[in-house]
Amino acid sequence: MATAEGKVYLTKGFLDTFYKGEVTAEELSSVIAHELGHLALGHTKRRVIDFTGQNALRVILALTLGRLIPAVGVYIANFLVSLLASKISRNDEFEADAYAAALLIKSGIGLDPQITLLKKLDNLVGNISTVSWLSSHPKTIDRIKALNRLKEKWK
């Protein structure tokens, strides 16, 4: 996780997978590069602003839709704002993946560890099934496809 203060945190659980040998040092590096991408691209600071704007939009929509459609208008407003927030977040993930890919290539590590980690991801986190358009992260397969396109483009 990257914070608006410019810090990157790794969870104990993820570090444990590294210590157990389930994740390589290069794969661990790809996660750090991805989080550095969020920092370098301003995603973490923008997220604070986005959150404020989303809350304002949520209130405006809830008040408007709540009057037009009593009992369910507020739920519709929350759903619509959640859709918007999820879309923005998924775009940020693709951008951070591309930044990490460039950083990994420049460092001599290459894209393969980033791709192999993404392939392991569903097993590592328990393949949480959620409605994709409400998810904060793109589908793993879509992230891998995007990285493979970059790999071909940058050859």
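Quick note: the coordinates plus some simple rules give every number you see, no bench work behind them. Keep in mind that this is a model prediction, so the values were computed, not measured. Note that we place each Cβ from the backbone using ideal geometry, even for glycine, and neighbour counts take in every protein chain shown.
For region 1-38, GluC sites (Glu not before Pro) are listed when DSSP marks them as loop and at most 15 other Cβ atoms sit within 10 Å of their Cβ; the list is Glu5, Glu22. Pairs of Cα atoms nearer than 8 Å and 6+ residues apart set the relative contact order; for the chain it is 25 percent. Which residue, chosen from Val31, His43, Tyr19, occupies the Cα position most advanced towards the positive end of the dipole of region 1-59, where the dipole is computed from +1 (Lys, Arg) and -1 (Asp, Glu) charges on Cβ about the Cα centre? So the residue we want is His43. Look at the dipole of the chain built from charges on Cβ: of Phe94, Ile69, Thr52, the Cα furthest out on the positive end belongs to Ile69.
Charge tally for Glu95 (other residues, Cβ to Cβ under 12 Å; Lys, Arg +1; Asp, Glu -1): 0.
Charging the Cβ of each Asp and Glu at -1 and of each Lys and Arg at +1, and nothing else, the dipole of the chain about its Cα centre rounds to 360 debye.
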